[in-house]
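Down below is the structure, laid out as structure tokens.
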Amino acid sequence: MPTLPLSILLVFLPLSLATIGSGQSAIADMHRQIVDVHHWMSAAQFVDAFAISRLAPGPGSLLATLIGWQIAGFWGALAATIGIFGPTALLIYGVAHIWSRFKEARLLRALERGLRPVAAGMILATGYVLLQSLEGGWIGRTIALVSTTLLMLTPVNPLLLIGGGAGCFVGLHILGLL
């Protein structure tokens, strides 16, 4: 039986190669592996880690580092970071070389067009998984959907939405509705 950091590494290695479009595309499967398969975190802990990783500067895939840290400390963070960034870094080095040599090839343009809807679908799956894992019931889901709508249709600053969502929960708690 592998040690916990090795197990973490083995979970994140294949997830790295599933990050089509962005690290966001692997979050749904990351949730499945971490919460449902290995039971290293609860769904609520995963969503909390996701929220913290969104607030921190740096790439979104640092969620993996944060999860590794919460599961197994420094060595878990190191294993998760190497697992999520290592294979992709090596792969992109080779792909970038090929892309620069054959950038006008019809096959590569078709591949780019074909990967766009796959990436969009994986990111939508991430949104669905995170929405299902939210604590706060229908109120939390409503705030998430309203925030999404406002972000898509208006130039509202996301910090206002964060403050507004927190304010809604605090207000409802003070009123005794939560």
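The values are calculated or read from the model by the stated rules, or taken from the named source; none is laboratory data. The model shown is predicted, which means the values in this text are computed figures rather than measured ones. Ideal geometry is used to build each Cβ from the backbone, glycine not excepted, and the neighbour counts take in all protein chains shown.
Restricting to the stretch 73-103, name every residue that is under 20 Å from the mean Cα position of the chain (by Cα), β-branched (Val, Ile, Thr) and within 14 Å of THR19 (Cβ to Cβ).
Result: THR81, ILE84, THR88, ILE92.
Kindly evaluate GLN24 against the criterion of being in a helix (DSSP H, G or I), more than 12 Å from the chain's Cα centre (by Cα) and not hydroxyl-bearing (Ser, Thr, Tyr).
no
Which one of GLN45, GLN24, GLN33 is more than 15 Å from THR126 (Cβ to Cβ) and polar (S, T, N, Q)?
Result of the check over GLN45, GLN24, GLN33: GLN45.
Of a type in the set (Gly, Ala, Ser) and either within 13 Å of the chain's Cα centre (by Cα) or modelled with pLDDT of 85 or more (or both): is that true of GLY60 in this structure?
Answer is yes for this residue.
Residue check: is SER7 within 16 Å of VAL129 (Cβ to Cβ), hydroxyl-bearing (Ser, Thr, Tyr) and either out of contact with any Ser or Thr (no Cβ under 8 Å at 6 or more places or on another chain) or part of a helix (DSSP H, G or I) (or both)?
no
Does ILE98 satisfy being surrounded by 11 or more Cβ atoms within 10 Å (Cβ to Cβ), at pLDDT below 85, farther than 23 Å from GLY58 by Cα and among the β-branched types (Val, Ile, Thr)?
yes
Mind checking whether some residue in the stretch 97-106 is over 22 Å from PHE46 (Cα atoms), assigned by TED's automatic domain parsing to the domain that holds ALA44, in contact with a Leu (Cβ under 9 Å, 6 or more places away or on another chain) and in contact (Cβ under 8 Å) with a residue 60 or more places away in the chain?
no
Can you report the number of residues in the stretch 42-91 which are without any contact (Cβ under 8 Å) to a residue 12 or more places away in the chain and either part of a loop (DSSP other than H, G, I, E, B) or outside the structural domain of LEU15 (by TED's automatic domain parsing) (or both)?
4
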